[in-house]
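Student: Before anything else, here's the structure in question.
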Amino acid sequence: KSFLVLHWGLMDIRKQLGRSRERYLKGFEDKVYKIRQNSQDIVDTLNLPMPFPYYHILNVMLTMNLSLWAWTMGCHDSALAPLIFFVSSLIFLGMKELAADLSNPFGTDSVDFPTDLWLCMTYNSSVQFMEHSEEFQLELE
C-alpha cells in the first residue's frame with residue numbers, strides 16, 4: 001500500500017520534471033526505492049518475533065545461573081555475599097526485562113516510540129511543503 005503512494009509521487013515528479021530534466025529522475029527513484037526497502041525491513045523485523053524455544057531457554061539459563069549464584073554466595077562466609085547476589089540478580093533480571101521491552105519498540109507500551117505522533121507530524125510537514133512548493137524553487141540546472 002505504501003509503495004503505491006511512493007509510485008504516485010514518482011509519477012508526479014516525472015511529470016513536473018518534463019523531458020528536458022529526466023536525468024534527475026534516477027536520483028528520485030533511488031531515494032524512493034531506498035525508502036521502500038527500509039519500510040519493508042521494518043515490517044519484516046516486526047513480523048519476526050523472538051522464537052518461542054529461545055525465550056524459554058533464556059529463562060531456564062537465567063534461573064539456573066541465579067540458582068547457582070545463590071548457592072555459591074550462600075556457601076561463602078562473607079557479609080557482602082548477599083549484597084553481591086542481590087546486585088547481580090537485579091542486573092540480570094533488569095537485562096531480561098530490557099530485552100523484552102526492546103524486542104518490540106513500535107508497540108503501545110509507555111516506553112515505545114510514538115510512531116503515531118511521528119507519522120502525523122511527517123504528514124503535516126509534507127502537506128505544508130506541497131502546498132507551498134512554488135515558494136521553494138529548486139534549481140536543477
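Student: Counting only residues that are at pLDDT 80 or above and closer than 15 Å to Gly107 by Cβ, which one in the range 35-52 is least open to solvent (accessible area, probe 1.4 Å)?
Tutor: Among those residues, the one meeting the criterion is Val43.
Quick grid of which residues meet (1) surrounded by fewer than 10 Cβ atoms within 10 Å (Cβ to Cβ); (2) hydroxyl-bearing (Ser, Thr, Tyr); (3) over 30 Å from Asn47 (Cα atoms); (4) modelled with pLDDT of 85 or more:
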site	(1), (2), (3), (4)
Gly74	no, no, yes, yes
Leu83	no, no, yes, yes
Met95	no, no, no, yes
Ser110	yes, yes, no, no
Phe113	no, no, no, no
Leu117	yes, no, no, yes
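Student: Quick check: is even one residue across the range 11-25 within 30 Å of Ala100 (Cα to Cα), open to solvent by less than 70 Å² (accessible area, probe 1.4 Å), free of Cβ contacts under 8 Å to residues at least 24 places away in the same chain and in contact with a Leu (Cβ under 9 Å, 6 or more places away or on another chain)?
Tutor: No.
Student: Hey, among the residues in the range 119-140 that are among the polar types (S, T, N, Q) and at pLDDT 70 or above, which one's nearest to Arg19 (Cα to Cα)?
Tutor: Here the residue is Ser126.
The values are calculated or read from the model by the stated rules, or taken from the named source; none is laboratory data. None of these values were measured; they are calculated from a predicted model. Cβ atoms come from the backbone with ideal geometry, glycine included; neighbour counts cover every protein chain shown. What goes into the accessible areas is simple: the full protein's heavy atoms, side chains included, and nothing from ligands, DNA or RNA. Shrake-Rupley method; radii C 1.70, N 1.55, O 1.52, S 1.80 Å.
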